[in-house]
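The values are calculated or read from the model by the stated rules, or taken from the named source; none is laboratory data. Quick caveat: nothing in here was measured; it's all calculated off a predicted structure. Counting neighbours? That spans all protein chains shown, and the Cβs are built from the backbone with ideal geometry, glycine included. Calculation scope for accessible area: heavy atoms of the full protein, side chains included, ligands and nucleic acids excluded. Shrake-Rupley method; radii C 1.70, N 1.55, O 1.52, S 1.80 Å.
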Amino acid sequence: MSESARLYLITPILEDASFAPKLAEACKGGAVAAVLLRLGAADERSLTNLVKALGPSAQDHGAALIVTTEGEVDLANVAVRGGADGAHVSGADPARIRELRERLKSERAVGAGHIRTKDDAMSLGEAGVDYLLFGEPRRDGSLPSLDSVAERAAWWAEIFETPCVAYAPSLKAVETLAATHAEFIALGDAVWDHPDGPAAAVKAAAETLARLEASH
């Protein structure tokens, strides 16, 4: 029996460190495996400082910190200097993955998202990603259908060794995506906009995963 999926949180696009308390609240229960820190476009020094300021809110609670940015900067430098645990790129660019892999070695994770086709997914897998993210919101905020994300995650999880992350647009979707055997379930707005706060949302998602595991 495979272990139950773990939680992977995706932040809104952040321009400053004011999100730190919210991030800490979400991670403090210890149920979050990783956080994708989405940073707005800025210069390398500002981004590095932002990673340093926000990082402990996740890392002090046992969550790995993965960084991605909207702008064109040296992501490997930002990850290393900011003390992050990995870097994440959007879009199918195997050359960029290979470059990051070479520079970050095996010390830090490299992930990729916004994957359109199965061929793209396989190319990225061969390029050396540590995980693939399926189904996250597109740049315009729209989402692929839950069915298509579940289908893609189930296909990947069944065939490939590289872990995948399936994005759940709501807490209700966690159960559907956990059934795909994706190693991680990603949550974004469902956590940050939860009426009872991020900790309550994370707790509810973790309870769903634990219940599913117990029922197997």
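Looking only at the stretch 20-48, which residues are over 24 Å from I97 (Cα atoms) and open to solvent by 10 Å² or more (accessible area, probe 1.4 Å)? Break it down stepwise before answering.
Keep residues of the stretch 20-48 that are over 24 Å from I97 (Cα atoms), which gives 20-32.
If the condition is that a residue be over 24 Å from I97 (Cα atoms) and open to solvent by 10 Å² or more (accessible area, probe 1.4 Å), then A20, P21, K22, A24, E25, K28, G29, G30, A31 are the ones that fit.
Out of (1) under 20 Å from A166 (Cβ atoms); (2) of a type in the set (G, A, S); (3) open to solvent by 30 Å² or more (accessible area, probe 1.4 Å); (4) at pLDDT below 95, what's the single condition that is false for G91?
Going through (1) under 20 Å from A166 (Cβ atoms); (2) of a type in the set (G, A, S); (3) open to solvent by 30 Å² or more (accessible area, probe 1.4 Å); (4) at pLDDT below 95 one by one, G91 breaks only (3).
From the list A64, A84, A53, which one is within 16 Å of the chain's Cα centre (by Cα), of a type in the set (A, V, I, L, M, F, W, C), closer than 21 Å to K22 by Cα and open to solvent by 10 Å² or more (accessible area, probe 1.4 Å)? Give the derivation first.
Working: A84 fails: open to solvent by 10 Å² or more (accessible area, probe 1.4 Å); A53 fails: within 16 Å of the chain's Cα centre (by Cα).
Result of the check over A64, A84, A53: A64.
Would you be able to say whether some residue in the stretch 42-57 is under 18 Å from G113 (Cα atoms) and of a type outside the set (G, A, S)? Walk me through it before giving the result.
Let us first name the residues in the stretch 42-57 that are under 18 Å from G113 (Cα atoms), namely none.
Within the stretch 42-57, none of the residues are under 18 Å from G113 (Cα atoms) and of a type outside the set (G, A, S).
Looking at (1) within 25 Å of G135 (Cβ to Cβ); (2) part of a loop (DSSP other than H, G, I, E, B); (3) not polar (S, T, N, Q), which one does K22 not meet, given that it meets all the others?
(2)
Residues of the stretch 13-29 being over 10 Å from P198 (Cα atoms) and of a type in the set (G, A, S), which ones?
Matches in the stretch 13-29: A17, S18, A20, G29.
Quick check on my filter: what residues within the stretch 177-216 are touching a residue at least 40 places away in the same chain (Cβ under 8 Å) and small (G, A, S)?
Result: A178, A182, A186, G188, G197, A199, A201, A205, A206, A210.
What do you reckon, is P198 at negative phi, touching a Leu at 6+ places or on another chain (Cβ under 6 Å), of a type outside the set (G, A, S) and surrounded by 14 or more Cβ atoms within 10 Å (Cβ to Cβ)? Before you say what the answer is, go through the steps one by one.
Values: at negative phi: yes; touching a Leu at 6+ places or on another chain (Cβ under 6 Å): no; of a type outside the set (G, A, S): yes; surrounded by 14 or more Cβ atoms within 10 Å (Cβ to Cβ): yes.
In short, no.
Kindly evaluate L14 against the criterion of being touching a Lys or Arg at 6+ places or on another chain (Cβ under 9 Å), at pLDDT 95 or above and farther than 24 Å from R116 by Cα. Full working, then the answer.
Numbers: touching a Lys or Arg at 6+ places or on another chain (Cβ under 9 Å): yes; at pLDDT 95 or above: yes; farther than 24 Å from R116 by Cα: yes.
Against the criterion (touching a Lys or Arg at 6+ places or on another chain (Cβ under 9 Å), at pLDDT 95 or above and farther than 24 Å from R116 by Cα), L14 qualifies.
Filter the stretch 101-117 for residues that are closer than 19 Å to F184 by Cβ, open to solvent by 20 Å² or more (accessible area, probe 1.4 Å) and not in a loop (DSSP other than H, G, I, E, B) and give the result.
Within the stretch 101-117, just A109 meets the criteria.
Restricting the search to the stretch 6-32, which residues are under 17 Å from E136 (Cα atoms), of a type in the set (A, V, I, L, M, F, W, C) and touching a Phe, Trp or Tyr at 6+ places or on another chain (Cβ under 9 Å)?
L7, L9, I10, listed by residue number.
Identify all residues within the stretch 146-160 that are open to solvent by 30 Å² or more (accessible area, probe 1.4 Å) and either at pLDDT below 95 or in contact with a Lys or Arg (Cβ under 9 Å, 6 or more places away or on another chain) (or both); write none if there are none.
Within the stretch 146-160, the subset open to solvent by 30 Å² or more (accessible area, probe 1.4 Å) is 146-148, 151-152, 154-155, 158-160.
Of everything in the stretch 146-160, those that are open to solvent by 30 Å² or more (accessible area, probe 1.4 Å) and either at pLDDT below 95 or in contact with a Lys or Arg (Cβ under 9 Å, 6 or more places away or on another chain) (or both) turn out to be R152, W155.
Residue under question is L143, and the condition is that it be touching a helix residue (DSSP H, G or I) at 6+ places or on another chain (Cβ under 9 Å) and surrounded by fewer than 17 Cβ atoms within 10 Å (Cβ to Cβ); does it hold? Break it down stepwise before answering.
Details: touching a helix residue (DSSP H, G or I) at 6+ places or on another chain (Cβ under 9 Å): yes; surrounded by fewer than 17 Cβ atoms within 10 Å (Cβ to Cβ): yes.
For L143, the condition - touching a helix residue (DSSP H, G or I) at 6+ places or on another chain (Cβ under 9 Å) and surrounded by fewer than 17 Cβ atoms within 10 Å (Cβ to Cβ) - is met.
Just checking, how many residues over the stretch 1-19 are among the polar types (S, T, N, Q), over 17 Å from the mean Cα position of the chain (by Cα) and open to solvent by less than 60 Å² (accessible area, probe 1.4 Å)?
Within the stretch 1-19, the first condition is being among the polar types (S, T, N, Q), and the residues that meet it are 2, 4, 11, 18.
Subset that is over 17 Å from the mean Cα position of the chain (by Cα): 2, 18.
Narrowing the set further to residues that are open to solvent by less than 60 Å² (accessible area, probe 1.4 Å) leaves none.
Selection size over the stretch 1-19: 0.
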